[in-house]
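K.L.:
Submitted below is the structure of interest, expressed as structure tokens.
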Amino acid sequence: MKDSQQPIYMDYHATTPVDERVLTAMLPYFGEKYGNAASRTHSFGWDGEAAVDRARAQVAKALGCRRREIVFTSGATESINLALKGVACAIPEKRHHFVSLETEHKATLDTLAELEKAGHSVTLLQVDRAGQMDLAQFEAALVPGTLCVSVMHVNNETGVIHPIHEMGEIARKHRVLLHVDAAQGFTKLPIDVNNSSIDLLSVSGHKIYGPKGVGALFVRSHDPKVRLAEQIHGGGHESGQRSGTLNVPGIVGLGAAAELACSLMEEESARVAELRDRLWTKLQNEIPRITLNGSESHRVFGNLNVTFHGVEGESLMLALRNVAVSSGSACTSALVEPSYVLRAMGIEIEDSLASIRFGLGRMTTAEDVDEVARRMVVSVQMLRGL
Ligand SMILES: *Cc1c(COP(=O)(O)O)cnc(C)c1O
């Protein structure tokens with residue numbers, strides 16, 4: 001049995017540990033293979049360039065695209081910025097319209113807010129109680145002048161899966177670009193950009209058992225060719241789309257993590273879904289008055305977002321010191337605020353504050369699940385008894 005003081009990690013949506021196999025692939029590029037991938041005149045540079053080429057092929061294969069359609073970045077936040085600002089600035093003489101969802105990640109919402117300040121317009125679509133969007137409402141939001149739609153494949157708080165393929169068909173019909181924030185979906189759900197109408201797609205290394213500080217953007221090169229204005233200037237790396245010396249060890253890690261996760265996808269999704277269901281069953285059996293937030297059926301395998309009615313969120317987090325989870329709140333400047341994602345789904349402030357996001361992943365065991373359930377029962381009973 002687990003020592004009851006030992007912390008248990010159930011925050012895989014926030015970040016994941018680097019898989020040992022990924023770390024092994026990266027290590028030589030910190031050590032003897034330290035060349036700059038842009039050095040064309042010696043073998044140190046060639047080794048770096050070859051490693052980046054290999055990683056580019058690995059990421060392209062995981063997405064079903066061509067190698068030259070991959071741009072390496074510092075993470076999904078940068079990829080999203082490059083995608084949205086990049087398409088807006090590529091046609092500088094126009095004011096553009098963007099469509100997105102209220103429940104997007106801040107990387108998208110804050111970027112769109114900046115674009116609004118620059119004179120562009122943004123429509124944020126609402127979601128229903130289950131966190132799902134409506135395709136008819138989506139189509140109605142596309143107007144002449146709409147340049148790009150941005151949607152996340154999987155929501156990072158609720159695990160809700162959005163219908164990106166259907167959205168792509170609709171966007172294509174209206175000649176609107178589709179950008180997908182796939183930070184939470186990449187390597188968890190199958191994706192094939194070649195056979196879908198996705199034009200831009202952002203991924204992150206540290207959400208897929210790779211390193212932090214590295215990501216990629218898929219940029220469609222044909223039917224249609226997407227034109228992007230570079231946002232980081234200097235040197236013209238990555239075919240002039242993102243300058244700066246390449247993070248060779250990080251890129252090697254992203255490629256290795258993508259390849260590994262794709263090879264494990266089937267087995268891992270079944271195993272982690274079973275653990276997630278085991279946790280949900282235990283919580284339901286042992287704790288009265290709890291509800292699941294977000295669609296139960298359209299949900300990624302490692303996620304459980306639960307409201308524990310009648311407990312105070314902050315106290316619950318304190319009582320759960322040894323369980324690494326996220327609460328339905330964000331602490332901004334010492335104020336505890338309810339999650340805007342849960343609020344957008346119509347969940348009351350009090351219930352949002354009493355919500356916990358459990359994120360299970362590759363290293364989660366049945367023992368972890370049982371111990372977390374036990375700690376939840378003890379904490380909720382204690383707080384409700386006060
Ligand atoms: C983590 C995350 C991001 C940001 O990714 P970084 O690589 O940390 O910048 C963006 N969108 C979603 C949905 C995420 O989960």
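K.L.:
For the stretch 144-227, what does the alpha-carbon gyration tensor say about shape, rounded, prolate or oblate, given a ≥ b ≥ c as the root eigenvalues, a/c under 1.5 as rounded, and a/b over b/c as prolate?
P.N.:
prolate
K.L.:
Something else: Which value, in debye to the nearest 20, gives the size of the charge dipole of the chain about its Cα centre, when Lys and Arg are +1 and Asp and Glu are -1 at the Cβ?
P.N.:
Computed about the Cα centre, the dipole is about 740 debye.
K.L.:
State the three equivalent ellipsoid semi-axes of the stretch 262-333, derived from the C-alpha gyration tensor as the square roots of 5 times its eigenvalues, in descending order and whole Å.
P.N.:
After diagonalising the Cα gyration tensor, the semi-axes are 25, 16, 12 Å.
K.L.:
Calculate what fraction, in whole %, of the accessible area of the stretch 236-294 sits on carbon and sulfur atoms when a 1.4 Å probe is rolled over the protein chains.
P.N.:
Solvent-exposed carbon and sulfur of the stretch 236-294 make up 48 percent of the total.
K.L.:
Suppose all protein chains stay in the model; what accessible area per residue would a 1.4 Å probe give for the stretch 218-365, in Å²?
P.N.:
Per-residue accessible area for the stretch 218-365 comes out at 45 Å².
K.L.:
Starting from the Cα of residue 67, step 7 Å along the direction of its Cβ; do the same at residue 90; then give the gap between the two resulting points in nm.
P.N.:
Going from the residue 67 label point to the residue 90 one covers 2.3 nm.
K.L.:
Would you mind calculating the gained length between residue 350 and residue 322 on full extension (0.36 nm times residue separation, minus the Cα-Cα distance), in nm to one decimal?
P.N.:
Result for the pair: 7.7 nm of gain on full extension.
K.L.:
Can you tell me what share of the DSSP beta bridges in the chain is antiparallel? A percent to the nearest 5 is fine.
P.N.:
Counting DSSP beta bridges with both partners in the chain, the antiparallel share is about 55 percent.
K.L.:
Checking understanding here: applying a Kyte-Doolittle mean of at least 0.5 and a length along the axis of at least 18 Å (C-alpha), which whole DSSP H helices in the chain pass?
P.N.:
What comes out of the filter, once short or polar helices are dropped, is 76-90.
K.L.:
With n ≥ 4 as the cut-off for DSSP H runs, can you work out [θ] at 222 nm for the chain, using -39500 (n - 2.57) per run divided by the number of residues, rounded to the nearest 500?
P.N.:
Calculated mean residue ellipticity at 222 nm is -12500 deg cm²/dmol.
K.L.:
Continuing with the same structure: Going from most exposed to least, what order do 89, 65 have by accessible area with a 1.4 Å probe?
P.N.:
Putting 89, 65 in descending order of accessible area: 89, 65.
K.L.:
Can you bin the chain into rounded, prolate or oblate? Criterion: square roots of the alpha carbon gyration tensor eigenvalues sorted a ≥ b ≥ c, rounded for a/c under 1.5, prolate for a/b above b/c, oblate for the rest.
P.N.:
Oblate, since a/c reaches 1.5 and b/c is not below a/b.
K.L.:
On to the next question. Given a 1.4 Å probe, how much area per residue of the stretch 9-108 is accessible, in Å²?
P.N.:
Accessible area per residue: 47 Å².
K.L.:
Provide the packing ranking of 91-98, 40-47, 199-206, i.e. peptides ordered by the mean count of other C-beta atoms within 10 Å per residue, highest first.
P.N.:
In decreasing order of mean packing, 91-98, 40-47, 199-206 become 199-206, 91-98, 40-47.
K.L.:
Continuing with this model, one more query. In whole angstrom, how far apart do the alpha carbon centroids of the stretch 70-86 and the stretch 34-58 sit?
P.N.:
A separation of 22 Å, based on Cα centres.
K.L.:
If amide H atoms are built 1.01 Å from N in the plane of the peptide, which residues on other chains or at least 5 residues away come under 5 Å of the amide H of residue 177?
P.N.:
148, 149
K.L.:
Given a Förster distance of 25 angstrom, what is the FRET efficiency for residue 175 paired with residue 239, based on the Cβ-Cβ distance and rounded to 0.05?
P.N.:
Here the calculated transfer efficiency is 0.50.
K.L.:
Rounded, prolate or oblate: which fits the stretch 242-366, taking a ≥ b ≥ c as square roots of the Cα gyration tensor eigenvalues, rounded meaning a/c under 1.5, else prolate when a/b beats b/c?
P.N.:
Oblate shape, in that a/c is at least 1.5 and b/c is the bigger or equal ratio.
K.L.:
Another question, if that's okay. Label-point separation (nm) for residue 286 and residue 116, each offset 7 Å from Cα along Cα-to-Cβ?
P.N.:
Distance between label points: 4.4 nm.
K.L.:
Where a Cα-Cα gap under 25 Å defines reach, which lysines qualify for residue 173, not counting those fewer than 8 residues away within the same chain?
P.N.:
Partners within reach: 85, 94, 225.
K.L.:
For the stretch 12-64, take the convex hull of the Cα atoms, compute a quarter of its surface area, and give me that in nm², please.
P.N.:
4.9 nm²
K.L.:
Hey, another quick one. The stretch 257-303 to the stretch 179-219: how many Å between their Cα centroids?
P.N.:
20 Å
K.L.:
Moving to a separate point now. Give the Rg/Rh ratio for the stretch 335-384, taking Rg as the radius of gyration of the Cα atoms and Rh as the Kirkwood radius, to two decimals.
P.N.:
Ratio of gyration radius to Kirkwood radius for the stretch 335-384: 1.07.
K.L.:
Could you order the peptides 52-64, 166-178, 26-38, 348-360 from most to least packed, using the average number of other C-beta atoms within 10 Å per residue?
P.N.:
348-360, 52-64, 166-178, 26-38
The values are calculated or read from the model by the stated rules, or taken from the named source; none is laboratory data. Here the structure is a predicted model, which means the values were calculated and not measured. So basically every Cβ, Gly included, is an ideal-geometry build from the backbone, and we count neighbours across all protein chains shown. Accessible surface is based on the protein model in full, side chains and every heavy atom, while ligands, DNA and RNA are left aside. Shrake-Rupley method; radii C 1.70, N 1.55, O 1.52, S 1.80 Å.
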